[in-house]
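Working notes, structure below.
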Amino acid sequence: MSSLDRRAFLGRTAATGAGVAIAGAGATPAVAGGGSARRYAFTVMGTTDLHGNVLNWDYFTNAEFTDSGGNDIGLAKLATLVRQVRAEKGARNTLLIDAGDTIQGTQLAYYYAKVDPITNDRGPVHPMALAMNAIGYDAAALGNHEFNYGIPLLRAFERQCGFPLLAANALDAATERPAFPPYWMTRLRTPHGRDVRVAVLGLTNPGIAVWDRAHVEGRMVFPGLPEQAAYWVPRLRAMGADVVIVSAHSGTSGTSSYGEQLPHVENAAALVAERVPGIDAILVGHAHVEIAERRVTNAETGREVVLSEPLFWGKRLALFDFDLVWERGRWRVESVAASLRNTNTVVEDPEITELLAEQHARVVAHVNQVIGTATAPMTATEAPYRDTAIVDFVNHVQAETVRAALAGGEYADLPVLSQAACFSRTAAIPAGDVTIRDVAGMYVYENTLEARLITGAQLRDYLEYSARYFVRTPAGAPVDPAGLTNADGIPDYNYDVVSGVTYDIDIAREPGSRIGELRFAGEPVADDAEFVLAVNNYRANGGGNFPHVAAADQLWSNSDEIRNTIIDWVRESGEIDPSAFASVDWRLTRDGTPVF
């Protein structure tokens with residue numbers, strides 16, 4: 001069965017594209033309300049931050065996905081919910097869109113980006129394109145992680161999709177014209193003689209310019225979301241759009257993780273709703289939080305804009321239910337309501353599981369290859385608040401790699417420090433056989449490695465900034481590890497530990513004055529001392545807004561992922577022996593007394 005056949009099986013028309021499509025021909029129209037007024041109702045379904053999840057499967061544990069919330073994941077589950085909604089509403093009275101971060105995040109997605117890339121001549125079709133085409137997506141905004149593997153791979157994915165990838169604020173650097181379609185518009189047929197024209201405007205994240213600088217610098221620029229929405233929304237209305245929906249890969253908090261490196265706000269969806277008139281609803285992405293419905297009043301019109309963010313990885317499906325009324329020769333949005341449906345309430349769609357079965361099996365076999373052994377187990381359970389061997393292992397490989405790269409050069413005699421974070425508290429390296437998936441589960445991102453030159457004073461600032469992660473806890477107060485971390489919502493991946501020096505973090509003190517006993521080789525670190533810092537490209541490019549490192553001199557960089565560097569290290573060494581690298585370099589204290 002072809003992908004278009006499967007789309008028909010799932011109850012969708014095959015007509016999609018970057019222009020105007022008739023999405024309601026021959027459908028039984030949805031008529032809302034009673035009385036003499038002409039009314040029409042339709043539903044827009046939304047997903048976001050799928051991150052390469054097709055099946056309800058965890059490639060790191062080699063088992064069905066499970067979490068403490070009882071959630072399920074993946075497009076196969078979403079497909080069942082989508083089918084249900086189309087049956088309830090009338091398939092031709094529904095649309096399905098996405099808010100980005102589609103092709104990165106699982107070993108399935110990685111395999112078809114790096115191991116057997118879709119950019120090969122007559123290469124495979126990306127599993128996310130296969131599944132999303134089969135389900136019948138109408139449009140998707142680009143997320144920042146779409147750029148992780150470079151523009152050629154993104155363009156290959158775009159060609160494979162039977163729907164447009166939208167990004168009104170991804171512009172060609174030379175011409176400042178849109179590098180991708182800014183919007184998609186369609187018509188929904190009603191029983192009243194005039195179609196409803198629905199426009200979907202796609203907006204992506206300006207942080208791409210920071211996080212994926214190596215791929216986009218000089219090629220694309222990324223203006224702010226409110227500015228580009230203000231340009232496009234009036235034009236969509238002028239083109240006859242009765243309903244304008246924004247699909248924004250941008251959270252609602254109004255905050256940024258890249259500080260002053262860019263003048264644009266990272267999480268700007270609520271700002272778009274507040275500042276740009278003419279928007280009816282916004283599908284929110286990027287922040288990985290669940291928002292069933294949030295209403296933001298537009299400052300100019302006083303109208304409410306409805307926002308919704310379904311939970312990431314396909315855990316939720318968002319529904320925007322629109323009620324329209326015909327007035328004065330045009331359709332007017334009378335009301336919008338948003339809600340979420342949970343994929344743990346349904347089974348996987350067998351058509352999708354069958355469609356992806358071969359690719360899934362190939363990836364499972366790949367990640368279960370044994371690449372070496374470990375003399376003792378290592379886990380990340382306590383890594384956010386204690387120095388653990390598993391993070392030391394990452395730092396050990398990174399520092400060793402940088403030393404080898406700088407050997408014989410100008411900076412060969414400088415001490416090499418290394419930065420790492422806990423990416424997953426469930427990560428573990430078992431004693432005995434070690435597989436690719438064990439290492440991949442420890443280092444889940446496609447970061448690459450760099451070497452930057454920093455001073456002792458800059459190192460202290462860096463560590464102080466990192467130590468904001470801990471909740472202030474007075475001396476003598478009870479300590480609950482579960483409530484000790486993630487102060488002010490700082491995620492685990494933005495808490496860095498640095499190896500090669502020793503230091504204390506006094507959590508009884510205010511952030512900014514917590515680092516004590518900072519020593520190298522047993523001696524206090526001087527402000528003018530020079531070090532080489534082995535650091536991932538996300539942090540080096542300004543991710544997390546850590547001080548100094550983005551402006552520091554780059555001494556070396558590598559195009560290979562750190563994860564692959566660690567995998568190759570295990571293959572070449574044959575054995576991981578924690579006793580060779582594990583040490584207590586940092587500890588939490590209160591007034592000089594260790595917490596643990």
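Listed values, structure above:
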quantity: Summed side-chain charge close to Val370 - residues other than Val370 whose Cβ falls under 15 Å, Lys, Arg +1, Asp, Glu -1; calculated: -3
quantity: For peptides 81-93, 292-304, 552-564, sequence by mean Cβ density within 10 Å, most packed first; calculated: 81-93, 552-564, 292-304
quantity: Full-stretch length increase - Ser579, Leu453 - with 0.36 nm per residue and alpha-carbon distance subtracted; calculated: 42.5 nm
quantity: For Ala168, distant residues with modelled amide H under 5 Å away; calculated: Gly202, Leu203, Thr204
quantity: Packing-based order for 140-152, 566-578, using average beta carbon neighbours within 10 Å, highest first; calculated: 140-152, 566-578
quantity: List Tyr183, Tyr503, ordered by accessible area with a 1.4 Å probe, largest first; calculated: Tyr183, Tyr503
quantity: Partners for Lys114 among aspartates and glutamates (Cα-Cα distance below 12 Å; same-chain residues under 8 apart left out); calculated: Glu446, Asp560, Glu561
quantity: Rounded Å value of the spacing that divides the Cα centres of the stretch 95-164 and the stretch 43-69; calculated: 16
quantity: Solvent-accessible ranking of Thr190, Thr353, largest area first, probe 1.4 Å; calculated: Thr353, Thr190
quantity: With every protein chain in place, the chain: carbon and sulfur % of accessible area (1.4 Å); calculated: 48
quantity: Antiparallel DSSP beta bridges within the chain, as percent of all bridges there, nearest 5; calculated: 65
quantity: Anchor Lys315: lysines whose Cα lies under 25 Å away (excluding residues fewer than 8 positions away in-chain); calculated: Lys77, Lys89
quantity: Mean-position separation - Cα centroids, the stretch 287-307 and the stretch 354-388, in angstrom; calculated: 40
quantity: Solvent-accessible surface (1.4 angstrom probe) belonging to Asp387, in square angstrom, nearest 10; calculated: 30
quantity: Estimated vicinal HN-Hα couplings, Hz - the stretch 229-236 in sequence order (Karplus 6.51, -1.76, 1.60; Gly, Pro = x); calculated: 4, 5, 6, 8, 4, x, 5, 5
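The values are calculated or read from the model by the stated rules, or taken from the named source; none is laboratory data. Because the structure is a prediction, the values reported are computed rather than measured. Reconstructed Cβ throughout: ideal geometry from the backbone, glycine too, with neighbour counts over all protein chains shown. Quick note on the areas: whole protein, heavy atoms, side chains included, nothing else; ligands and nucleic acids left out. Shrake-Rupley method; radii C 1.70, N 1.55, O 1.52, S 1.80 Å.
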